[in-house]
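Just so it is clear, none of the values below were taken in a lab; they were calculated from the coordinates. Everything numeric here is computed off the predicted structure, so don't read it as measured data. Glycine gets a Cβ as well: all are built from the backbone with ideal geometry, and neighbour counts include every protein chain shown.
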Amino acid sequence: RSAGGGGVHFYKRLADAFRENLATGPIFRGLKATVSDGDRCVGLVQLTPEAMTHLDSKGSFVFNPVASDMAVQVASSWAMERLMVMAIPASVERVEVYRPLAGTDAYVCCRLVSMSEESTVVDLTIREKDTTPCYAMKSLVLRTIARMVK
């Protein structure tokens, strides 16, 4: 069981190892903690005030894009912890929407499909703190864009 990929640790490693790769846009720093065990990883995310402001911008979303970004951060932190790579979303096979995310805190539950130095594939579900499912991403593919220099 590993608990090293979440929160301050994850963002510090991002800043230290992948600073030059982060120039593409803001990252909402709402990942609080992760725990992984075998082919499962669970992360606690919190929509920060900055993220909520961003979400209030015009547009109609089928599901919460900020929570989706943070869900990807959970899966990305898992790849960083295991393989020392930075991975970003490349594709998703299917999104299932159950209900809108009502609160600012959520659990991201990931099941590993495959992980290599080139890509990570996960199935994930974003759940309210009471564990009610909000939406799921099936076969989310994260592609490696950088490796940590040793």
Practice problem: For region 92-141, give the magnitude of the charge dipole about the Cα centre (Cβ charges: +1 Lys/Arg, -1 Asp/Glu; no others), in debye to the nearest 20. | Solution: 200 debye
Quiz prompt | Net length gained if the chain between Ala102 and Asp130 were fully extended (0.36 nm per residue, minus Cα distance) | solution = 9.0 nm
